1. What net charge is computed for the residues neighbouring residue 36, neighbours being all others with C-beta under 14 Å from the C-beta of residue 36, Lys and Arg scored +1, Asp and Glu -1?
2. To two decimal places, what compactness ratio does region 166-288 give when its Cα radius of gyration is scaled by 2.2 N^0.38 Å?
3. What is the dipole size for region 166-288, taken about its Cα centre, with +1 at each Lys and Arg Cβ and -1 at each Asp and Glu Cβ, in debye to the nearest 20?
4. Starting from the Kirkwood radius over alpha-carbon pairs of region 113-195, derive D by Stokes-Einstein at 4 °C in a medium of 1.567 mPa s and give it in µm² s⁻¹.
5. Within 10 Å of each residue's Cβ, count the other Cβ atoms and sort 27, 38, 191 from fewest upward.
6. So the label point goes 7 Å from the Cα of residue 190 along Cα→C-beta, right? Which residues of region 245-289 then have their backbone N under 17 Å from it?
7. Determine the relative contact order of the chain: mean sequence separation of Cα pairs under 8 Å and six or more apart, normalised by residue count, in whole percent.
8. Could you compute the net charge surrounding residue 117? Neighbours are other residues with a C-beta less than 14 Å from the C-beta of residue 117; K and R count +1, D and E count -1.
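All of the numbers you see were taken from the coordinates with simple rules; none came from a lab. Because the structure is a prediction, the values reported are computed rather than measured. Here the Cβ positions follow ideal geometry from the backbone for every residue, glycine too, while neighbour counts run over all protein chains shown.
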Amino acid sequence: MRIAFIGLGNMGGGMAANLVKAGHIVRAFDLAEPALARARENGCETFATVREAVQGVEAVVSMLPNGGIVKSVYSGDVLGHAPKAALLLDCSTIDVASAREVGAAALAQGYAMVDAPVSGGIAAANGGTLTFMVGGTDAAFAAAQPILDAIGKTVIHAGESGAGQAAKICNNMLLGASMVATSEAFKLAERLGLDLQTFYDISSKASGQCWSMTSYCPVPGVGPTTPADNGYQGGFATALMLKDLKLAMAAAGDVGAPVPMGHLAEELYKAFDAAGNGGLDFSAIIGTL
Ligand code: NAD
């Protein structure tokens, strides 16, 4: 397939490279020259504008920073410029309202579009092991699946347009709150004189068990190897966790959903980020407790 790829950053760079490896012709665009240079090294053709990149393609994939940019790229340079038969896939993490707005604008112009945000970080993007949560019609999902299968491990249809973003932010709100809760449980255990490995051995087999404990333990030397064992470098940056918590709070506000735990997690991550820790893995929040 001929696929346009817009946004070749930390995530998009690896995803575009994996589409090339899967045998697709990738027509790439980014505002940053170093991102374009890396894409060329990985076998993509690069273009000076989005409008040129989307000429004659069968699909457009985007991996961009936020909803405002996604809206302006699609309304200004993709809709009306890519062939009408092209399937549009936005894999960025953006607010639900913007995802629905862009999906509706695409539909109004005769395009099929899915929102397909990802779970998994840069390593999963490079390794082709991302999980995609997809919002869109059954037909659009069916068309998107073979493309996403080439760059991910798991592809799930979450529902209609915007449902992929909804699933993503609900999941990450739960993750942020559970990481704070896991961290405070370990710190309390320590202050009560418990050996932390012993607490892990008990709680990981008891009702407190959760992913933040058994797959991503915030305590160095306890549980599997995680960013905690690497000075909280790599992993999922605090700034990105804060971004997702803000999106979750905005969506909760839109529908009047009470999210007290999510709100508290957002406050804690906001303070942690403001103290200069945005680049640290989000499990480093344990250091504040
Ligand atoms: P990034 O900042 O590394 O990459 C974004 C790229 O978009 C940059 O190369 C930038 O130059 C480009 N860009 C910005 N405006 C553009 C425009 N108008 N046209 C073309 N290119 C433009 O960000 P990232 O880490 O790759 O994240 C991308 C998306 O993936 C975000 O929505 C993020 O929330 C989401 N995400 C990231 C991770 C992660 O671990 N990094 C994990 C899951 C989801």
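1. Working: positive: 27, 38, 40; negative: 30, 33, 41, 45, 52.
Cβ neighbours under 14 Å give a net charge of -2.
2. On the way: Rg = 14.4 Å, N = 123, 2.2 N^0.38 = 13.7 Å.
Normalised by 2.2 N^0.38 Å, the Cα Rg of region 166-288 equals 1.05.
3. On the way: 7 positive and 11 negative charges, 28 e Å.
For region 166-288, the charge dipole is close to 140 debye.
4. Numbers: Rh = 14.3 Å.
Using the Kirkwood radius from Cα pairs, D works out to 90 µm²/s.
5. Details: 27 24, 38 20, 191 9.
The fewest-first ordering by Cβ neighbours comes to 191, 38, 27.
6. Under 17 Å, as judged by backbone N against the label point of residue 190, lie 281-289 of region 245-289.
7. Numbers: 567 pairs, mean separation 37.7, N = 289.
13 percent.
8. On the way: positive: 100, 168, 243; negative: 90, 95, 115, 244.
Result for the neighbourhood of residue 117: -1.
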